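Q: Please see the structure below; I have some questions.
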Amino acid sequence: MTQTDAAAIERFLHQALFYCLQPVLLVIVISCWYLDPTREETYLLVIIFVQLVLGFAEQYFSARPAWLISTKEKIRNVALVVVLTMSALAVTELYQAWLSSPLDAVRVSIGLDIWPQDWPLLVQLFMVFFLSELLWYWMHRAEHRWNLVWRLSGHGSHHSFKKLGALNFGLNHPVEYFFIVLPSFLVELTFGVGTAALGAAILTVTQTSIAHANIVSNTRLIGLLFTTGKYHICHHSAVLKESNTNYGCSAIIWDRLFGTFLDKTIDEAGTGPTEPTLWEKFLMPFKEPGDTTIAPGTSEVGI
Ligand SMILES: [Zn+2]
């Protein structure tokens, strides 16, 4: 193979990834769920599959080579994501035990048993997905608006990374899972959703992985409804005005509707000029790093 051929193949692969990676991944994971919509194992298998694909794409076609992390850092992040994903599942179990019966009773008593169970499953899937994202949009916006909510949720830990990659989808403070899990849980139980809830969770985790990935991808058409990497990385900016935008981690439509959408390439991610240590990230609900630029109440007023 000549050098010209190799360059042409590389160009083709870049173009294919740019236009196809996000839509193809979404189609694959939704199809996997649709083949057996009640199979809970699909959720964890999808996380592994999506992370492997995005990890490969980041390594060979990274948008910002300076954001590639060392093997040691990657192993640490994988270990953290495994532990934190287990925490998220434990929080889901807790909510199930605490809220399931009361919300069931409320739904029945006020006649909210209106979920269209007989509609096509794919329609139900997108209904749950966009409704859950609407709740998350306001919760996430509250985290960035009020310092008390920012601290209580430990959201600063998630923003403290100077280098972003697909694994950052699961690098949140353990206490934040009480916030992250809540929207889909409320939608599921308030309306008695059923099978489509698992599909929506799978779509959400895929979208949040793509949104954090260090890859260049197309934002036209797909970016009208769904969050793309460029949009979410803008939210991770170390500049307050850029950070207080694009609150939808999976669906961008609510930012477009509520006036917080921004399409901009940022210079620097993080909570400030330096990245806190792992221990400092863990302590962020109690002690904010001195050089933070995006925590609410520490600089100009946010949106
Ligand atoms: Zn945020």
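Q: When you count, for each residue, the other Cβ atoms within 10 Å and take the mean per peptide, how do 9-22, 228-241 rank with the highest first?
A: Values: 9-22: 14.1, 228-241: 21.5.
By packing density, highest mean first, the sequence is 228-241, 9-22.
Q: Sequence-distant or interchain residues sharing an amide H contact under 5 Å with residue 269, placed H: which?
A: Hits under the 5 Å cutoff: 238.
Q: Rounded, prolate or oblate: which one fits the range 98-177, using the alpha carbon gyration tensor with axes a ≥ b ≥ c (rounded when a/c is under 1.5, else prolate when a/b beats b/c, else oblate)?
A: It comes out prolate by the Cα gyration axes.
Q: Which shape class, rounded, prolate or oblate, goes with the range 210-270 when its Cα gyration tensor gives a ≥ b ≥ c as root eigenvalues, a/c under 1.5 marks rounded, and past that a/b bigger than b/c marks prolate?
A: Working: a/c = 1.94, a/b = 1.15, b/c = 1.68.
The shape class here is oblate.
Q: Same structure, new question: Taking every Cα atom in the chain, find the radius of gyration and the maximum pairwise distance Dmax, and write them in Å.
A: For the chain, the Cα-based Rg and Dmax read 19.4, 72 Å.
Q: Next up: Amide H to amide H, which residues 5 or more places from residue 215 or on other chains are under 5 Å from it, using H placed in the peptide plane?
A: 63
Q: Dipole of the range 3-282, Cα-centred, from +1 at each Lys and Arg C-beta and -1 at each Asp and Glu C-beta, to the nearest 20 debye?
A: Working: 18 positive and 22 negative charges, 138 e Å.
It comes to approximately 660 debye.
Q: For every helix of n ≥ 4 consecutive DSSP H residues, a contribution of -39,500 (n - 2.57) applies; sum these over the chain, divide by its total residues, and give [θ] at 222 nm rounded to the nearest 500 deg cm²/dmol.
A: Numbers: 14 runs with 186 residues, N = 303.
My calculation for the chain gives -19500 deg cm²/dmol from helical runs alone.
Q: At a Förster distance of 30 Å, what's the computed FRET efficiency of residue 98 paired with residue 45, Cβ-Cβ distance as r, to 0.05? Let's see the in-between values first.
A: Numbers: r = 28 Å, r/R0 = 0.93.
So, using R0 = 30 Å, E works out to roughly 0.60.
Q: With the Cα gyration tensor of the range 22-172 giving a ≥ b ≥ c as the square roots of its eigenvalues, does the rule (a/c under 1.5 for rounded; else a/b larger than b/c for prolate; else oblate) give rounded, prolate or oblate? Kindly include the intermediate steps, with their values, before the conclusion.
A: Values: a/c = 2.06, a/b = 1.39, b/c = 1.49.
In terms of gyration-tensor shape, oblate.
Q: Another one. Please give me the summed charge of the neighbours of residue 68: other residues whose Cβ is under 12 Å from its Cβ, Lys and Arg +1, Asp and Glu -1.
A: Details: positive: 64, 74, 163; negative: 58, 73.
Neighbourhood net charge equals +1.
Q: How high is the FRET efficiency between residue 83 and residue 222 when r is their beta carbon distance and R₀ equals 41 Å, given to the nearest 0.05? Each step should come with its number before you reach the end.
A: On the way: r = 32 Å, r/R0 = 0.78.
That gives a FRET efficiency of 0.80.
Q: Express in nm, to one decimal, how much length is gained between residue 52 and residue 13 on full extension, taking 0.36 nm for each residue of separation and deducting their alpha carbon distance. Walk me through the numbers on the way to the answer.
A: Values: separation 39, 0.36 × 39 = 14.04 nm, distance 1.72 nm.
Gain on stretching residue 52 to residue 13: 12.3 nm.
Q: Explain nothing, just the number: relative contact order of the chain, from Cα pairs under 8 Å at least 6 residues apart, as a whole percent. Each step should come with its number before you reach the end.
A: Working: 430 pairs, mean separation 70.7, N = 303.
For the chain, the relative contact order is 23 percent.
Q: Go through the range 70-82 residue by residue and turn each phi into a ³J(HN,Hα) via Karplus (6.51, -1.76, 1.60, θ = phi - 60°); whole Hz please, and just put x for glycine and proline.
A: With coefficients 6.51, -1.76 and 1.60, one gets 5, 4, 4, 5, 5, 4, 4, 5, 4, 4, 5, 5, 4 Hz.
Q: Give me Rg/Rg_expected for the range 138-180, where Rg uses Cα atoms only and Rg_expected = 2.2 N^0.38 Å with N residues.
A: So the Cα radius of gyration is 1.11 times the expected 2.2 N^0.38 Å.
Q: Would you pull out the residues with amide H under 5 Å of residue 226's amide H, same chain only if 5 or more places away, H placed 1.01 Å from N?
A: For residue 226, the qualifying residues are 252.
Q: Once you've got the Cα coordinates, tell me which of 264/287; 230/287; 163/287; 162/230 are over 26 Å apart.
A: Numbers: 264/287 30 Å; 230/287 30 Å; 163/287 22 Å; 162/230 15 Å.
From the list (264/287; 230/287; 163/287; 162/230), the Cα-Cα distance tops 26 Å for 264/287; 230/287.
Q: So if I average 1/r over every pair of distinct C-alpha atoms in the range 154-303 and take the inverse, what Kirkwood radius in Å does that give? Kindly include the intermediate steps, with their values, before the conclusion.
A: Details: mean 1/r = 0.0621 Å⁻¹.
By the Kirkwood definition, the hydrodynamic radius is 16.1 Å.
Q: Please give the contour-minus-distance gain from residue 38 to residue 106: 0.36 nm per residue of separation, less the Cα-Cα distance, rounded to one decimal in nm.
A: That works out to 22.0 nm of additional length.
Q: Can you work out the Karplus-derived ³J(HN,Hα) for every residue in the range 170-181? Use 6.51 cos²θ - 1.76 cosθ + 1.60 with θ = phi - 60°, whole Hz, and x for glycine or proline.
A: x, 9, 10, 5, x, 5, 5, 5, 5, 8, 5, 6
Q: Residue separation times 0.36 nm, minus the C-alpha to C-alpha distance between residue 75 and residue 256: what's the value?
A: Numbers: separation 181, 0.36 × 181 = 65.16 nm, distance 3.64 nm.
Contour length minus Cα-Cα distance gives 61.5 nm.
Q: For a Förster distance of 45 Å, can you work out the FRET efficiency between the beta-carbons of residue 121 and residue 291, rounded to the nearest 0.05? Kindly include the intermediate steps, with their values, before the conclusion.
A: Numbers: r = 48 Å, r/R0 = 1.08.
Efficiency, from the Cβ-Cβ distance: 0.40.
Q: To continue, here is another question. Post the alpha-carbon centroid distance, the range 231-303 to the range 34-54, in whole angstrom.
A: Measuring centre to centre over Cα atoms gives 29 Å.
Q: Can you give me the distance in nm between label points at residue 31 and residue 279, each placed 7 Å from the Cα along the Cα-to-Cβ direction?
A: That separation, rounded to one decimal, is 4.9 nm.
Each value in this text was obtained by applying a stated rule to the coordinates, not by laboratory testing. Everything numeric in this text was worked out from a predicted model, so none of it was measured. Every residue, glycine as well, gets a Cβ built from its backbone with ideal geometry; the counts of neighbours run over all protein chains shown.
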